[in-house]
Amino acid sequence: MSQSWSGIKKRLEQDLLCENLRGRVKYFITKYRKAHDDEARVSILIDEKEVLKGNVFEYYRAENKLLSKLTREENIPKRNWDGKKILHDIENLEVEDRVNKTLVNEGIFYVWDFTKALNYYLHNSIDNSISSENPLVRLFAILDRRIGKRALKSIKDDIYNQPKWLRQFYILRLEIENIQYKDGIQLVNITKENRREIIELKVKKSQQKFIETIENCLDEEATPPEGITWKSKGIGINNTIIGYAMYGIWQDKTNRYDDETWIDRMLIDEKYQGKGYGKEAFKKLIEIVEKEYSTDKIYLSVYKENLKAIGLYQQLGFSFNNKTDSNGELIMELKLKP
């Protein structure tokens, strides 16, 4: 960037920032003394409280860990000079770019990521910036005065599709403009921005025997058995993803049996259990499945030892049909009113 940081800071905090946030949002870049390559620490404050930071040390630690994992898993050889050219440079550049995008989505970045995103934002239209694949660019854009109420209303239900660290800026802008957004239990799409957050959800240790890991569920969704189509959703409340669900339809290719609609997996993270979220999420799930498949019956299966889950399902109207699935789980069904 050719302009001085003080000049850019003024543009960000005064000229481009929406009027109601001026004086509340502040940007800082602090250079490390005696550091080479102008390494610096980035910080964003809201009401004098630091809400986002980026520095080279945290970034390199995370980068080295993830890079080592991916190059090992994908058998990517190290770069090597053969006397004429660098070997395996393209493969390494590709995985390094994936690692960078993953870390930025997780809110781990350093000054060059920040200034690169800022440069894009300052030299592109606000429409391009708010729809950018780079969440740091969207950060600048959501606070921009040029994003009017009409645009904000069109993206207010998009909060869960933002990385967890970015949602606070979307909420801040919506609240300052007095725009209502959904804050109850929501079933949300799984995207590259929230995928890791969903994968990291955990049930209590005593519940782990009753359900597969979310990674396994997502793998099964991607490559299901013949005749089965699965769909996954995140479960969110108050702009935090607290659970996961998978549902779908089993289609009989022989036409000897009716197609069956299933709610196959549902879990609430251990930190959010005991608050009634599971029951509310299941009600939402039933509504979606009924509407999406126009079905009159929904199936699920449960281990006979999972008494707490059985109690919940019975409260919701499910009953046993005296059948078991291939894993020995008891099958329950819900007959929907016509």
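The values are calculated or read from the model by the stated rules, or taken from the named source; none is laboratory data. As the structure is a computational prediction, the values presented were derived from the model and not from experiment. Positions of Cβ are generated from backbone atoms using ideal geometry, with glycine treated the same way; all protein chains shown enter the neighbour counts.
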Of Gly248, Gly236, the only residue that is modelled with pLDDT of 90 or more, farther than 22 Å from Val302 by Cα, small (Gly, Ala, Ser) and in contact with a Phe, Trp or Tyr (Cβ under 7 Å, 6 or more places away or on another chain) is Gly236
Apart from one, (1) closer than 20 Å to Leu330 by Cα; (2) part of a strand (DSSP E or B) all hold for Ile310; the odd one out is (2)
Based on what the data block shows, is Ile235 within 29 Å of Ile171 (Cα to Cα) and touching a helix residue (DSSP H, G or I) at 6+ places or on another chain (Cβ under 9 Å)?
yes
Taking the conditions exactly as written (within 15 Å of the chain's Cα centre (by Cα), closer than 18 Å to Ala281 by Cβ and hydroxyl-bearing (Ser, Thr, Tyr)), does Thr240 satisfy them or not?
yes
Does the range 257-276 include one or more residues that are among the polar types (S, T, N, Q) and either surrounded by 12 or more Cβ atoms within 10 Å (Cβ to Cβ) or at pLDDT 95 or above (or both)?
yes
Hey, Trp230 hits all of (1) surrounded by 19 or more Cβ atoms within 10 Å (Cβ to Cβ); (2) in the same structural domain as Glu106 (by TED's automatic domain parsing) but one; which does it fall short on?
(2)
Being part of a strand (DSSP E or B) and in contact (Cβ under 8 Å) with a residue 40 or more places away in the chain narrows it down to one residue among Leu334, Leu300, Leu285; which is it?
Leu334
List the helices (runs of 4 or more DSSP H) that sit entirely inside the range 45-163 and contain at least 3 residues that are modelled with pLDDT of 95 or more.
56-73, 89-105, 111-122, 126-130, 135-142
Unmet criterion (only one of (1) farther than 16 Å from Leu118 by Cα; (2) in contact with a helix residue (DSSP H, G or I) (Cβ under 8 Å, 6 or more places away or on another chain); (3) not polar (S, T, N, Q)) for Glu94:
(2)
Looking at the structure I just gave you, is Lys205 loosely packed, with under 13 Cβ neighbours inside 10 Å, more than 28 Å from Leu16 (Cβ to Cβ) and modelled with pLDDT of 90 or more?
yes
Restricted to the range 150-174 and to residues being of a type in the set (Ser, Thr, Tyr) and surrounded by 15 or more Cβ atoms within 10 Å (Cβ to Cβ), the residue nearest to Leu187 (Cα to Cα) is Tyr160
Within the set of pairs 6+ apart or on separate chains, which have a first residue in the range 157-172 that is free of Cβ contacts under 8 Å to residues at least 24 places away in the same chain and over 12 Å from Leu139 (Cα atoms), a second that is hydroxyl-bearing (Ser, Thr, Tyr) and surrounded by 18 or more Cβ atoms within 10 Å (Cβ to Cβ), and C-beta atoms under 8 Å apart?
Asp158/Tyr170
Taking the range 129-149 on its own, how many of its residues are more than 24 Å from Asn20 (Cβ to Cβ) and surrounded by fewer than 14 Cβ atoms within 10 Å (Cβ to Cβ)?
1
Tell me which of these Lys85 doesn't satisfy, since it passes every other one: (1) at negative phi; (2) touching a residue at least 24 places away in the same chain (Cβ under 8 Å); (3) not aromatic (Phe, Trp, Tyr).
(2)
Selected residue [without any contact (Cβ under 8 Å) to a residue 24 or more places away in the chain and either over 28 Å from Arg41 (Cβ atoms) or loosely packed, with under 14 Cβ neighbours inside 10 Å (or both)] from Asn92, Asn124
Asn124
